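For reference, the structure is listed below as structure tokens.
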Amino acid sequence: AFDTCLMGGAEVAYAMKDLAKVYIANAEIDYGSGLNYTDTLTHIARNPDATAQDLARHEVKSWDALHAQAGADDALLRSHIAIDMAKLDALANATASFADALSKAPHAAERIASDAYFALPAYHATLGDGVSDPRYRDYGQMLAAISGDSALGSVASSAADVRQRLAEMTLGVVSGALRDEQAGF
């Protein structure tokens, strides 16, 4: 589990795939409250036989309880996820197939770029500064946009497969009101 910002990405999780059974992180900025240590550690102490997956599911709910009312940024922009690392290779393989489908569809590049760009909102530093960083997009939301674009044919179906793999590995995800469409990864 990472108690810091922007660690809920595929490139970070994949580097940890052989080190943990579950991975817990924020796709967004963590607005200061961090993990709910008291509740999570108490739960672990009271449930010593719980699986890593069950503990991760509890941690996501606990984190959300702490952050849901913490402030406007948290209420609107929070993003926290727990994933089952045993399913990460399936996501990686589906992503490789998706990349292959993309490389074979240069005629669709503009459409794909548009679908990816409009997977909004981009992650923000805070609401107050009004600045978003367009480099940080939610992978699941981008995949949903591309898979919903019937004009993309096999690229769309490949994106849908990756999105399905992401859903299958997600043990728990919570988000703020402006993140409802996102997968948290």
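Observations, loosely collected:
- Under 13 Å, Cβ to Cβ, from residue 145 - net charge with Lys/Arg +1 and Asp/Glu -1: -1
- Highest to lowest packing among 19-31, 50-62, scored as the average C-beta count within 10 Å: 19-31, 50-62
- ³J(HN,Hα) computed for each position of the range 101-115 - Karplus, 6.51 cos²θ - 1.76 cosθ + 1.60, integer Hz, glycine/proline x: 4, 4, 5, 8, 10, x, 5, 9, 4, 5, 5, 5, 4, 5, 4
- Between residue 54 and residue 180, the modelled labels are 3.3 nm apart [label points 7 Å from Cα along Cα→Cβ].
- Highest-fluctuation residue, 143, 66, 171 considered, GNM on the chain with Cα pairs under 10 Å: 66
- Per-atom-type breakdown for the range 2-105 gives carbon and sulfur 56% of the accessible area (1.4 Å probe, protein chains only).
- Of 107, 80, 43, the residue with the greatest mean-square motion in the GNM of the chain, using alpha carbon springs below 10 Å, is 107.
- Label of the coordinate-derived value, volume of the Cα convex hull per residue in Å³, listed as (1) 149; (2) 102; (3) 172: (2)
- Sites residue 33 and residue 157 - FRET efficiency at Förster radius 35 Å, r taken between beta-carbons, to 0.05: 0.30
- Accessible area of the chain divided out per residue, in Å², using a probe of 1.4 angstrom: 50
- For the chain, the longest principal axis of the alpha carbon atoms and the long axis of helix 154-169 meet at an angle near 10°.
The values are calculated or read from the model by the stated rules, or taken from the named source; none is laboratory data. Quick caveat: nothing in here was measured; it's all calculated off a predicted structure. Note that we place each Cβ from the backbone using ideal geometry, even for glycine, and neighbour counts take in every protein chain shown. The area values use the complete protein model at the heavy-atom level, side chains included, leaving out ligands, DNA and RNA. Shrake-Rupley method; radii C 1.70, N 1.55, O 1.52, S 1.80 Å.
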